[in-house]
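Here's the structure, in structure tokens; my notes come after.
The values are calculated or read from the model by the stated rules, or taken from the named source; none is laboratory data. Predicted model, so just to flag it, every value in this text is computed and none were measured. All Cβ positions, even for glycine, are placed from backbone atoms using ideal geometry, and neighbour counts span all protein chains on display.
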Amino acid sequence: MRRRGAVLCVVSVICAALLGLAGCGNQGTEDLKESGAVNGSDSAKTRLVFLRVGTEPERKTYWEEAIAAFMEANPDIEIEYQECGYGDDFETKLNTGFASGTAPDVINFTMASMGTRVPLGQYTALDEYVNNWKGKDDFMQNALSLGSVRDSIYGIAVFPDPRILIYNKELFEQAGLDPSAPPKTWDELMEYHKKLVKKEGDSVVQTGFGIPTSGSNMQHYFSVFMEENGVKNLVDEDNNQVLCNTAEAVEAAEFMKQIADEGIIRWDSNNKDQNPFSSGLAAMTLGNTSDFHNWNQGAMEGKIAMAAPMTNKEQRTFCGMSFLFMSGETQYKEEVWKFIEFISSSEQMWKRYEDLGIPPLRESLKDRFIQISPEDNEAIYDSINYGTGSPKVAYANSVYNAVNDALEKVMYGVEDAKTALDTAADVIQQEIDNQ
Amino acid sequence: MKKKKWEHSIWIVGMTVASLIMMIPIIMMFSTSFKTMEEIKSPVFHLLPEHFSLVNYQNAMSNGNWLIYFRNSICITGTAVVFSLLFNSIAGYAFARLKFRGSRIMFILLMVGLMMPPQVTMLPTFLILAKFPLMGGNNLLGAGGTGLVNTCAGLVIPLISGSYGVFMCKQFYENFPRSLDEAAEIDGAGKWRTYFMIYLPNSKAILATLGLLKAVAVWNDYMWPLVMTNSESMKTVQLALTMFKTESGVQWNQMMAAAVLAALPMFVLFLCAQKYFIQGIVTSGLK
Amino acid sequence: MNQKNIAGKRKSKSDKCAYAMIFPAYFTFTVFILIPIFVVFYYSITNFNMYSKPELAGLKNYINLFGDGDFIISIKNTLFYTILTLFPQLALGLLVAIMLYRKSRLLPLFRTAFYIPNVMSMVCISMVWLWIYDPTFGVLNLILKFFGCAAEQWLQDTKMAMPCIILMSIWKSCGYSMVIFLSGLTSIPDSLYEAASLDGAGPIKKFYYITWPMLRPTTFFLLVTGIVNSFSVFEQVNIMTGGGPLKTTTTIVHQIYRRGFLEFKMGYASAMSVMLLAFSILVTAFVFKYGSQGQDVDVS
């Protein structure tokens, strides 16, 4: 009796498992068939795989609508949409894709990725397409040049991501500051910051300027101050020269440290949620347009505003940007370019503004864009026009790591700005020598 | 008798307090899944939400095709658990009870495999699957196609392998009374029959424990499905959870709602498995 | 002598079926774990960067390791983490398992409470704990304030960050030890306790002379897997602190991941992996040698 029970048990479990695998396997074979169809040269439809960075539902909706519109206009092309979160995940995904020959055909990714991936041949140069492109002259010049490495264009900008000074008007008023006059210079920023810091005993309960003290995005905040102080980039891409320890850059790091010394709420730049600005505990911070949209909801709605880029030596800011890239391994270059062209059209650009609040990048749309909200949008447009961006060098990730380490040391007061940034520069120099 | 009752009350109070402390983060998670974003962002913290509403669950589930995600996860977890339990327990029995040439060195190699963190071997494993011969358009040498990438088989098969389970089963079977073997030998049962008739029916406790651990590991795995799958139709629950985490912030309430739902199957599984942990299998075998 | 011969004959008799029995598990293990390990060995002596063909670089990667300050810090951190996570977690797990090894209707409830953290995904749990540690409105600081203590910086504090991660890890994994200990406890025959009761032994004596020695194989198992797991701690570090502040929480696998997957120095990262493996083997071998004495407790 017991034996029979045991045998029955084993048999049923195995059956269940086989059924499970079969149910699962069906799908696998379907996929195989699909990919088989792609490999076959006689198939009527060209199938492209598009991978974009990020997983926000709003942007996903945008992409799905755009892809549907594109496929309607080009019935011979089929696009499969894929997505993956920002940061390490995305890098891993691309790395394994390229390592195994299963990389997507079109990629939406950050500017910084160009540095490492262009030398590896993972992105295709788009010059021959761009030169015959009608939209070229209308496209914002700075956006085009940000998408190029050594005079060749590799990426067409989709989502500009300028870092803007965002401030809380309510907190300004409470501290007796004019909510319509945000700081324009470093001196003013420091003055405002001092007035806005509130302490209870030793602990800071409200700070003026929300600035992170650790994490792997510190370089963005540093870049803003560095560029305002006249240093264009962390590394001079053309001459492979380290710029992050120049006198101006050191001054920028020292300024960040001075802000910290006046009293800040510490947070980790890896987790934007920790930014005290988002909970009304900081009166100013740096963020991008989607941060602004995010914060301008709920309790803070209508209480926050954007300011034009600040200046110490130059009026500039750091402008990140995400691009469309053509994979170096794709077999369907013409089709990929068609898709890129479609996404970069005026109509799609304006749709991105209306749906997602993404600033347009065409001169012909500038006036229309600024008219909608003169104060804020002028500042945004300026930021994109002034912004430089991340170093597009093969060792970019090592640069970030070194600079972030240095900034952490500065913010925690372990080393002074000069020593820390010199150490970082040595590390970067070693990377340059290893190339 | 009186002393015993008194002791029992202390036990109940003590364990309740300890359990509550353990549960604080879980309670926070649960209550957040009912809150509005505004309440989450406000500087004042309440353990319980101001007003309960299921709207987060609704919104979270209407974002994306969760039926498919759950189906995929259940499919993958089920297959991986059943096969790994079967394979591991047989192998564990062989290592624990049978004497064969090379068993020692083979077991040591198995232990070495246990020590390599999965992040390290991920890339080579992935390349092996991508270059798998005769699959996904590959030729005999493994070139040409995409191999087992983005297939269910490619996702599941590596998950079946695990030195951990073999090790655990070996430890468990070593604790079995040898008298059971002797009895089987007297009956004239071979090794296979001994395993299937005596060991397997008596391994409910280890199978429940190991099955639960394996299920939890596979269910919660993030890195491997991320690398292995591309299409929406292959997405697992853990991958889908990241859609609430965007560059400019996290949709905490929806994410926690989805996370609660994602943890539910494992929770149920635990409730089902836990009663087996207490069954005194070995003693019952002796009686 | 004669007996040995018989044993020898039996050995050869059971040979074949043992190989068949371990085949399915060993095959998948070889293809998906063992071969990749050898591939990692190979990468470690090349300059592999994930795309171009690897070129042999000899022992250069290994030599560079010793000059890498971050790697040395990460070893220190990993050891610190292992020692402070493993032992408290084992002790706590054992304590709870013993407390819960009795009859009561509330039992499933308590067991569930202790085990639930282990069922949740690390990604999710890490994010919840980020809140708990939040310096401005985290629960931990609220509690401190309630008792009139000064608020702490937790994860932003160079001294506190690692202990914070350790606390969270103990919380998450003590349920796991509890379950394994529980299944170990069930395999102890009741007759032993009954006999001890007849001899008039108290609970402490019973624990010392019966429970503890009988749990040797379980403890040994937990120790080995615990060491291995702690050596490869990665996920919570990556999510909660990213190795910071000031590298106080970076661990070996975190370094491997950063170097390999983000800086594309796969060869160098592989050398780190080999070092980690060698170190793990050393420690485990030590534990095996020392701990296996108790393995063959005679039950009968």
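Yes/no per residue for (1) surrounded by fewer than 21 Cβ atoms within 10 Å (Cβ to Cβ); (2) among the small types (Gly, Ala, Ser); (3) touching a residue at least 24 places away in the same chain (Cβ under 8 Å):
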residue	(1), (2), (3)
A:Thr207	no, no, yes
A:Phe225	no, no, yes
A:Asn240	yes, no, yes
A:Leu243	yes, no, no
A:Ala249	no, yes, yes
A:Ala252	no, yes, yes
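Being more than 10 Å from chain C (Cβ to nearest Cβ), closer than 29 Å to A:Val106 by Cβ, under 20 Å from the mean Cα position of the chain (by Cα) and not aromatic (Phe, Trp, Tyr) is the requirement here; does B:Lys214 meet it?
When the stated conditions are applied, B:Lys214 does not pass them.
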Say whether the condition of being surrounded by 21 or more Cβ atoms within 10 Å (Cβ to Cβ), within 12 Å of chain C (Cβ to nearest Cβ), touching an Asp or Glu at 6+ places or on another chain (Cβ under 8 Å) and of a type in the set (A, V, I, L, M) is met by at least one residue in the range B:154-162.
-> yes
From the list C:Val237, C:Val253, C:Val233, which residue is modelled with pLDDT of 85 or more, touching a His at 6+ places or on another chain (Cβ under 9 Å), crowded, with 21+ Cβ neighbours inside 10 Å and within 11 Å of chain B (Cβ to nearest Cβ)?
-> C:Val233
Odd one out for B:Ile74, checked against (1) surrounded by fewer than 12 Cβ atoms within 10 Å (Cβ to Cβ); (2) more than 14 Å from chain C (Cβ to nearest Cβ); (3) of a type in the set (Val, Ile, Thr) = (1)
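Suppose we filter the range A:261-291 for residues that are of a type in the set (S, T, N, Q) and either outside the structural domain of A:Ala307 (by TED's automatic domain parsing) or part of a strand (DSSP E or B) (or both); how many remain?
So the count comes out to 1.
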What helices (runs of 4 or more DSSP H) lie completely within the range A:324-418 and have 3 or more residues being surrounded by 20 or more Cβ atoms within 10 Å (Cβ to Cβ) and under 18 Å from the mean Cα position of the chain (by Cα)?
-> A:374-386, A:396-411
Scanning the range A:197-224 residue by residue, those more than 22 Å from C:Gly243 (Cβ to Cβ) and under 18 Å from the mean Cα position of the chain (by Cα) turn out to be A:Val224
Enumerate the pairs (first residue in the range A:292-314 and surrounded by 19 or more Cβ atoms within 10 Å (Cβ to Cβ); second residue anywhere and among the charged types (D, E, K, R) and at pLDDT below 85) with beta-carbon separation below 8 Å, excluding pairs fewer than 6 apart on the same chain, so at least 6 apart or on different chains.
-> A:Ala305/A:Glu375; A:Ala305/A:Asp376; A:Met306/A:Glu375; A:Met306/A:Asp376; A:Ala308/A:Glu378; A:Ala308/A:Asp382; A:Pro309/A:Arg316; A:Pro309/A:Asp382
Quick one: in the range A:64-80, which of the residues that are within 14 Å of chain B (Cβ to nearest Cβ) and out of contact with any helix residue (DSSP H, G or I) (no Cβ under 6 Å at 6 or more places or on another chain) is surrounded by the most Cβ atoms within 10 Å (Cβ to Cβ)?
-> A:Ile67
Exclusive hit being at the interface with another protein chain (Cβ under 7 Å from one of its Cβ atoms) and part of a helix (DSSP H, G or I), set B:Leu110, B:Leu85, B:Leu67, B:Leu129 = B:Leu110
Select from the range A:90-109 the residues that are at pLDDT below 90 and crowded, with 20+ Cβ neighbours inside 10 Å and list them in ascending order.
-> A:Phe90, A:Glu91, A:Thr92, A:Lys93, A:Leu94, A:Asn95, A:Thr96, A:Gly97, A:Phe98, A:Thr102, A:Ala103
What pairs can you find where one residue is in the range A:164-188 and touching a residue at least 24 places away in the same chain (Cβ under 8 Å), the other is among the acidic types (Asp, Glu), and their Cβ atoms are less than 6 Å apart, with a gap of 6+ or different chains?
-> A:Pro179/A:Glu173
Kindly provide the set of residues from the range C:132-158 that are in a helix (DSSP H, G or I) and within 9 Å of chain A (Cβ to nearest Cβ), ordered by number.
-> C:Leu155, C:Gln156
